[in-house]
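Please read the structure below before turning to the comments.
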Amino acid sequence: MHGQSLNFLFPNDVHIMWSLMIVLYPYITGLVAGAFIVGSLYHVFGRSELKPVSRLAMVASLSFLLVATLPLLSHLGHPERALNIVITPHFTSAMSAFGMIYAAYLILVVLEIWLLFRSEIIELAARSTGIKRGLLKMAALGVYDISDEARRADHKVVTVLAALGIPAACILHGYVGFMFGSVKANAFWSTPLMPIIFLFSAVTSGIAMIIILYETLSAVNGRKISGDCLQSLAGYLWLFATVTVTLEILEIVTLSYAQDEEWLIVGPLIRDKIAFSFIGIQMVFGSLIPFILLGIVVTLKRYLTAGMRNVITFIAALILLIQVFSMRWNVVIGGQIFSKSGIGFRENYVPELGTREGVAAALCIFIIPFLIMGAFNRLLPLAVEDGDAQARSH
Amino acid sequence: MEHTKHIWRAAFLLIAVLTFVIVGRHFLVPKSFGEAGYYRYDALFEHMDKEPRHGAPDACADCHDDIAAAKAGGKHAPVKCEVCHDVLASHVKDGEKVADMRINRSWELCAYCHQRLVGRPALVAQVDIREHLELSAGQAIPAEACVQCHDKDAIHHP
């Protein structure tokens, strides 16, 4: 009788299949969505103080979007087959829906960036010679109209695109949370709250990344950081980080208070297995410290010098980027280190260094968006003229 | 309308790209896709045309009935010969032996079932391989560690 029950491969949940790359993937798509929301705050909701980062946010969103699929492709054994879900998509597959959401969002962001930089493309084409001039003229689609009427038309379309982009960005990232939330066999993932938590932490990481990029870009260019802009970003970051952490805590508290059977495994998971990365990094270091730092920036602004505010906000943003990464790590890896049967734990996952899904590959992928932004900035400056920003904000 | 020429051009370009994608997709979808379900129907026939590599569960017993009888009473009875030995096709063709049978003697193969794991039912004998071999830290597991003590008789009829 034993023979009959033995003749299959078991157990089927002993390996951690979703590696560091699957941690990196929601992290990068989160930055895409978050950066876009920052851009939209200016373009759609008229937060004029955010003008200095409005272009930076859009280009950052596009740069991260261009590499968003790389971690997934690196994770796949046969990356060339990835296109099959786009060529023959099936609506019962969330991944094939991603192909469409991704494509639609990419078109939208490219169009918006094109309209934002159209005047600069035309002016640069006029100053350039040879192939560069030809390429830039092609990028301008052969229309060199930068009259006020044309700019007004651009502005209108940009507003519409940015408005459409908000739900697109939210769906793009909400879907990532949905991918985890819909795995009903996994007690740690299976909650309808998952897409919402992912979405809010995406916006948090996006704002934090824009703060870091803005301060770095200003330092590199020798430009003055706009006080209104940074103060506003710090306020939004504080708000979104607070909501994110509250949701993260609520999810765990609900599980703990309800004392359902899944808590028998999720409780020890949090207390023993991922205590350092969850309680230590995600909750205390990553949430409490930025909450205090940003709280100081927001509530005690009259007592802070511009330099102090910039430094404190920069540190808080950096810590929140680590917090969001640790949240992705805890969800993806933490959700895999216990057996779905609830019987016990596997060995902890330690990523390799040099393999296809290792730390070096992850770092390479993560650096590419910054190189794209650097190249873009050399061609078409991301910084918005200060004088212009002042004029608009008053 | 006068100053929106570039926007119209962008819109037409977008429509052209979308048309190209839709038409392109039409040519990229494999020929027999969707004929009998959401898959490439021809794939079935391509697989049917392939030579079988594995033997039937009792194919080995045709020649090795002594080993099959010994194995039938042992704990490895449900494990097919081809799990540890090579596939039948590399050893026999048209009823004739064509090459010696290759055997996988690596410790990794044994560990596949016998490495201690939380989720594995207790009816399978399990050890922590490193602990079992009393290896010190940094010492590699010898390639054929298990079969040095557990010989073929013990494996066929443990």
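Which helices, taking whole DSSP H runs in chain B, have alpha carbons extending 20 angstrom or more along the helix axis plus mean Kyte-Doolittle at least 0.5?
B:5-28
For the pairs A:Lys132/B:Lys5; B:Lys93/B:Lys152; B:Lys97/B:Lys152; A:Lys273/B:Lys75; B:Lys31/B:Lys80; A:Lys224/B:Lys5, flag any whose C-alpha to C-alpha distance is greater than 29 Å.
With Cα atoms farther than 29 Å apart: A:Lys273/B:Lys75; B:Lys31/B:Lys80; A:Lys224/B:Lys5.
In nm, give the distance between the simple-model label positions of A:Cys364 and B:Ala125, each being 7 Å from the Cα along the Cα-to-Cβ direction.
4.5 nm
Dipole of the stretch B:5-48, Cα-centred, from +1 at each Lys and Arg C-beta and -1 at each Asp and Glu C-beta, to the nearest 20 debye?
It works out to roughly 420 debye.
Please compute, for peptide A:88-94, the average count of beta-carbon atoms on other protein chains lying within 10 Å of each residue's beta-carbon.
Across the residues of A:88-94, the mean count of other-chain Cβ atoms within 10 Å is 2.
What list do you get for A:His173, B:His6, B:His150 if you sort them by fewest beta carbons within 10 Å?
Listed from fewest to most nearby Cβ atoms, that is B:His150, B:His6, A:His173.
Averaged over its residues, how many other protein chain Cβ atoms are within 10 Å of peptide B:24-32's Cβ atoms?
Average per residue, whole number: 2.
Could you tell me which helices of chain A pass both thresholds, a Cα extent of 18 Å or more along their own axis and a mean Kyte-Doolittle hydropathy of at least 0.5, with helices taken as whole DSSP H runs?
A:20-43, A:51-67, A:94-127, A:148-181, A:193-221, A:227-258, A:306-332, A:359-379
Could you tell me the ratio Rg/Rh of the protein assembly as shown? Both radii from Cα atoms, Rh via Kirkwood. Mind dumping the intermediate values first?
On the way: Rg = 29.7 Å, Rh = 27.8 Å.
Reported Rg/Rh (Cα atoms, Kirkwood Rh): 1.07.
Give, in whole angstrom and from largest to smallest, the semi-axes √(5λ) of the equivalent ellipsoid of the stretch B:54-103, with λ running over the eigenvalues of the Cα gyration tensor.
After scaling each eigenvalue by five and taking roots: 19, 11, 9 Å.
With the dipole of the protein assembly as shown worked out from charges on the C-beta (+1 for Lys and Arg, -1 for Asp and Glu) around the Cα centre, which of A:Leu115, A:Ala33, A:Ala317 lies farthest toward the positive end?
A:Leu115
Give or take rounding to whole Å, what are the principal axis extents of the alpha carbon atoms in the stretch B:5-48, in descending order?
The Cα atoms of the stretch B:5-48 stretch 58, 15, 9 Å along their principal axes.
Restrict the search to the stretch B:1-52; then list the chymotrypsin sites (Phe, Trp or Tyr not before Pro) that DSSP places in a loop and that have at most 16 other Cβ atoms within 10 Å of their Cβ.
Numbers: sites: B:Trp8, B:Phe12, B:Phe20, B:Phe27, B:Phe33, B:Tyr38, B:Tyr39, B:Tyr41, B:Phe45; in loops: B:Tyr38, B:Tyr39, B:Tyr41.
Taking the stretch B:1-52 and a limit of 16 other Cβ atoms within 10 Å, the loop chymotrypsin sites (Phe, Trp or Tyr not before Pro) found are B:Tyr38, B:Tyr39, B:Tyr41.
Quick one: grab Rg to one decimal and Dmax as a whole number for chain B, Cα atoms only, in Å.
When restricted to Cα atoms, chain B yields Rg and Dmax of 28.3, 93 Å.
Name the longest site-free stretch of chain B, where the excluded sites are GluC sites (Glu not before Pro) in a DSSP loop with no more than 13 other beta-carbon atoms within 10 Å.
B:36-133
Put +1 on the Cβ of every Lys and Arg and -1 on every Asp and Glu Cβ in the protein assembly as shown; which of B:Gly37, B:Ile67, A:Leu304 then has its Cα farthest towards the positive end of the dipole?
Of the listed residues, the answer is A:Leu304.
Using a 10 Å cut-off on Cβ to Cβ distances, tally the other chain neighbours for every residue of B:120-126 and report the average as a whole number.
Counting Cβ atoms of other protein chains within 10 Å of each residue's Cβ and averaging gives 2.
Considering every pair of different Cα atoms, what Kirkwood radius, in Å, is found for the stretch A:213-304?
One over the average 1/r among Cα pairs gives 15.7 Å for the stretch A:213-304.
Which values, in whole Å and largest first, are the semi-axes of the equivalent ellipsoid of the stretch A:154-208 obtained as the square root of 5 times each eigenvalue of the Cα gyration tensor? Numbers along the way, then the final one.
On the way: eigenvalues 168, 27, 7 Å².
Each semi-axis is √(5λ); the values are 29, 12, 6 Å.
Are there chymotrypsin sites (Phe, Trp or Tyr not before Pro) in the stretch A:218-266 that DSSP puts in a loop and that have at most 12 other Cβ atoms within 10 Å, and which ones?
Hits after loop and neighbour filter: nothing returned.
Send over the Kirkwood Rh of the stretch B:105-158, from the inverse of the averaged 1/r over different Cα pairs, rounded to one decimal Å. Numbers along the way, then the final one.
Details: mean 1/r = 0.0833 Å⁻¹.
Roughly 12.0 Å, rounded to one decimal.
Which whole-number percent gives the relative contact order of chain A, counting Cα pairs below 8 Å spaced six or more residues apart?
It comes to 27 percent, rounded to a whole number.
Using +1 on the beta carbon of Lys and Arg, -1 on that of Asp and Glu, and nothing else charged, what's the dipole of the stretch B:54-103 about the Cα centre, debye to 20? Each step should come with its number before you reach the end.
Details: 6 positive and 9 negative charges, 51 e Å.
Computed charge dipole of the stretch B:54-103: roughly 240 debye.
Using a ≥ b ≥ c from the Cα gyration tensor of the stretch A:116-176 (square roots of the eigenvalues), is it rounded, prolate or oblate, where a/c under 1.5 gives rounded and otherwise the larger of a/b and b/c decides, a/b for prolate?
It comes out oblate by the Cα gyration axes.
Each value in this text was obtained by applying a stated rule to the coordinates, not by laboratory testing. These numbers come from a predicted model, not from an experiment. Virtual Cβ from ideal backbone geometry, glycine too; neighbours counted across all protein chains shown.
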